[in-house]
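Note sheet for the following structure.
The values are calculated or read from the model by the stated rules, or taken from the named source; none is laboratory data. All figures in this text were calculated on a predicted structure; none of them were measured in a lab. Cβ: placed from backbone, ideal geometry, glycine included. Neighbour counts: every protein chain shown.
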Amino acid sequence: MILSRVADGLYWIGRYLERAENVTRLLLVTEETASEVVGLDEDLARAEWNDLRVIFPGPDREETPPRHPAALAQAALAELSIDPRHPYSILFSLRKARDNARTVREALTIEVFVNLNETYRELEAYDERRIGDGPTMRSALSDAHRGILSTAGAIEQTLARDPGWLFLKLGESLERVVRTVVVLRAKLPALASPEPKVDLPLFHSRWRSLLRGLSSLENYRRVHGARMEPADALRFLLFDPHTPRSLRFGTAAVKDLLEGISGAAALSAPARIMGKLAAELAYQGEDELRDGRCLPFLDHMLDELTRAHETLSTTYFGT
């Protein structure tokens, strides 16, 4: 048995670490993509940064976002990397992961704890120096990304495969599939339109950026080659059973972890929710795509993932 306090702490370590990694990667990819297209289409560059504000909403603020792409980029980079008040900033997520790690120190190895603490302290140092220029911020993001991946590696290499491991990986896996849904929901209205509003090379560049932002470009190319076909890319991100950030793979991973926690013979309420969702993706999802119901299906997925989180919190954490 595992104490609910420990299970809760490990679950949130997994969620916050995965969230920090997602934000870091998407900031790096967005910065590169926006820099490439800004000389060709300023509206497109602005759209890339505004999409991030939808994917990672911050606290309500009265000021209007900067209109110039460079100023908008700088504002988004600062908010989502080192703003301690932004609920999705890298610094905020690392701090929350570290706070949870302190409460369950006995369940972690020294390698995990030290890597996490050092990654947080290094990014916090950038905040304290009030770094504002682009190159230094990109360096900070790259350093933070390496630190987060190093912490994830320490988790993989040093933690025992016990119930605590299942809860930590559950948090990581649920956060990953939730974020994939949110990214797709923000990006697809522009990308899935029958008539692209930008030149075809730029349109395909945005699809490549989407795949890169979800760590799936190389995996897509292994299956489909270098040619970019939007329909193939969307189908890959939704239904591929092997790439870690596809919705089908991620949903099945959450289902398997919940079954590992509850036991297949006595499925918990969240395990039943995720089992049904995994079956929908495996057997009915292609119909949704063919019928043009992709966006409503993503909304349905997000609702069910939220319900799964709420029921597992009640079932295992008493919250």
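The set of residues in the stretch 222-255 being out of contact with any helix residue (DSSP H, G or I) (no Cβ under 9 Å at 6 or more places or on another chain) and in a helix (DSSP H, G or I) consists of ARG222 alone. Among the residues examined, ARG221 qualifies as surrounded by fewer than 18 Cβ atoms within 10 Å (Cβ to Cβ) and either modelled with pLDDT of 95 or more or touching a His at 6+ places or on another chain (Cβ under 9 Å) (or both). Residues in the stretch 284-311 that are at pLDDT below 95, loosely packed, with under 14 Cβ neighbours inside 10 Å and part of a helix (DSSP H, G or I): GLU286, ASP287, ARG290, PRO296. The residue list ASP303, ASP240, ASP256 contains one member that is outside the structural domain of TYR11 (by TED's automatic domain parsing), farther than 16 Å from VAL181 by Cα and not aliphatic (A, V, I, L, M), which is ASP256. Taking ARG179 as the residue in question, decide whether it is in the same structural domain as LEU298 (by TED's automatic domain parsing), at pLDDT 95 or above and closer than 19 Å to GLU310 by Cβ. Judged against the criteria, ARG179 is a match. Considering the conditions (1) modelled with pLDDT under 95; (2) closer than 30 Å to PHE167 by Cβ; (3) among the charged types (D, E, K, R), GLU21 is excluded by exactly one of them, (1).
Looking only at residues in the stretch 156-172 that are assigned to a helix (DSSP H, G or I) and more than 13 Å from ASP8 (Cα to Cα), the one that is farthest from the chain's Cα centre (by Cα) is THR158. Counting the residues of the stretch 191-218 that are under 20 Å from ASN22 (Cβ atoms) and at pLDDT below 90 gives 1.
Tell me which residues, restricted to the stretch 34-83, are polar (S, T, N, Q) and modelled with pLDDT under 85. Scanning the stretch 34-83 gives a single hit, THR64.
If you go through the stretch 15-24 and keep only what is over 9 Å from the mean Cα position of the chain (by Cα) and more than 17 Å from ILE155 (Cα to Cα), you end up with just THR24.
The single condition among (1) at pLDDT below 95; (2) not assigned by TED's automatic domain parsing to the domain that holds VAL6 that MET137 does not meet is (2). Determine if the stretch 189-202 includes at least one residue that is more than 22 Å from the chain's Cα centre (by Cα) and acidic (Asp, Glu). Yes, the stretch 189-202 contains at least one residue that is more than 22 Å from the chain's Cα centre (by Cα) and acidic (Asp, Glu).
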